[in-house]
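What follows is a short report on a single structure.
None of the figures in this text is laboratory data; all of them are computed from the coordinates on show. These numbers come from a predicted model, not from an experiment. With ideal geometry, Cβ positions are generated from the backbone for all residues, glycine too; neighbour counts draw on all protein chains shown.
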Amino acid sequence: MRGVPEIDIGPLLAGSSATRAVAQALDLACRDVGVFYLFGHGVDPELRASLQSLARQFFTLPEAEKSEIAMARAGAAWRGWFPVGGELTSGVPDLKEGLYFGAELDEDNPRVRSGTPLHGQNLFPCRPAELREVVLAYIDEMTRVGQGVLSGIALGLGLEPDFFASGLTADPLVLFRIFCYPAPSATADQWGVGQHTDYGLLTLLGQDANSGLQVRTPQGWAAVEPRAGSFVCNLGDMLERLTGGMYRSTPHRVRNATGADRLSFPFFLDPSWDSTIDPLPIVDRPADADGAERWDHTSVHGYAGTYGEYVLAKVGKVFPDLRRQHS
């Protein structure tokens, strides 16, 4: 591996004359490793620092207080807190606890009225009270950045820059998580989260200063260390499907071996719930159409249905008890 690329998207977001060069850099990174550092995104460092501080405050609360916003209380919206071991990857409990958020939708929203899963109102804790305002502001900022990155990816693919914003992400499924990976015991040999890929288009990941993230490359597993001021961007299954495997959804995993609690902040910009993701006209034949080469031996190319059906099946494996309650 030649290293995880670093891409300054400032010119792209500003619409400067260097936009094409940024699009070319994004295209190369998507074809090469499927993961890259983002700089020049314009997200206020104070917003990020506030989010991290408030998240640490929440995770130090007694479990009884955190459970006041347990995910089961959100119903099909699947928002709120889960304890260590409450989320599964490939059937194995993860060594992390977390908070699930999404776009804040009131009861008059058509998807909420119809009971569409993963849509609804967030559950916020009483303490720290400031978390609500900061999380919602952060979701807005990350949506802005994600749509900008997708405009550059569209250009790199030879498409119009609004290809995604006017179609697949005109009404995106927006999901945001805060994870806390506890400091491991001296004998712990468990993954914070095992090997997996993300489901949608883009993941924009914020990290604290503690390492632990690894991505799988053709040369093997490689650490993606925290870089001050950056986000880590990796591609999801739907970009792999859209490009017929020319872009790959990058397998990744986490093991916290730092001796301190590790926080991460993954933001997912996904296609609209009702959308179907058809390969681009440039795609001749999807790579590994039978899924034999993928980590889970399933194919994103042979799938038929909406994105909502795809993501619900995936999330149902992560939280099987919730899936049974709300199926």
- Query: Of the residues THR169, THR217, THR243, which is among the hydroxyl-bearing types (Ser, Thr, Tyr) and closer than 23 Å to SER90 by Cα?
  - Reply: THR217
- Task: Would you please list the contacts, defined by Cβ atoms under 9 Å and residues six or more apart or on different chains, that run from a residue in region 125-146 that is free of Cβ contacts under 8 Å to residues at least 24 places away in the same chain and closer than 14 Å to ILE178 by Cα to a residue that is of a type in the set (A, V, I, L, M, F, W, C) and assigned to a loop (DSSP other than H, G, I, E, B)?
- Result: ARG132/PHE124
- Message: I'd like to know if region 39-48 contains one or more residues that are among the aromatic types (Phe, Trp, Tyr), within 16 Å of LEU123 (Cα to Cα) and either surrounded by 20 or more Cβ atoms within 10 Å (Cβ to Cβ) or touching a strand residue (DSSP E or B) at 6+ places or on another chain (Cβ under 9 Å) (or both).
- Response: no
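A quick yes/no check of all residues on (1) in contact with a strand residue (DSSP E or B) (Cβ under 9 Å, 6 or more places away or on another chain); (2) touching a residue at least 12 places away in the same chain (Cβ under 8 Å); (3) closer than 17 Å to VAL215 by Cβ; (4) not aliphatic (A, V, I, L, M):
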residue	(1), (2), (3), (4)
GLU225	yes, yes, yes, yes
PHE231	yes, yes, yes, yes
LEU235	yes, yes, yes, no
LEU242	no, yes, no, no
MET246	no, yes, no, no
ARG253	yes, yes, yes, yes
ALA257	no, yes, yes, no
PRO266	yes, yes, yes, yes
SER272	yes, yes, no, yes
- Could you please give the count of residues in region 7-35 that are on the phi > 0 side of the Ramachandran plot and crowded, with 21+ Cβ neighbours inside 10 Å? 1
- Select from region 105-124 the residues that are outside any helix (DSSP H, G or I) and touching a residue at least 24 places away in the same chain (Cβ under 8 Å) and list them in ascending order. GLY115, THR116, PRO117, LEU118, HIS119, GLY120, GLN121, ASN122, LEU123, PHE124
- Looking at (1) more than 22 Å from GLN121 (Cα to Cα); (2) touching a Gly at 6+ places or on another chain (Cβ under 9 Å); (3) surrounded by 14 or more Cβ atoms within 10 Å (Cβ to Cβ), find the lone condition where ALA76 falls short. (1)
- Query: If you go through region 188-195 one residue at a time, do you hit one that is farther than 30 Å from GLY245 by Cβ, of a type outside the set (Ser, Thr, Tyr) and in contact (Cβ under 8 Å) with a residue 40 or more places away in the chain?
  - Reply: yes
- Would you mind stating whether THR169 is touching a residue at least 24 places away in the same chain (Cβ under 8 Å), assigned to a loop (DSSP other than H, G, I, E, B) and over 24 Å from ASN234 (Cα atoms)? no
- Taking into account only those residues within region 100-131 that are small (Gly, Ala, Ser) and surrounded by fewer than 16 Cβ atoms within 10 Å (Cβ to Cβ), which is nearest to SER50 (Cα to Cα)? ALA129
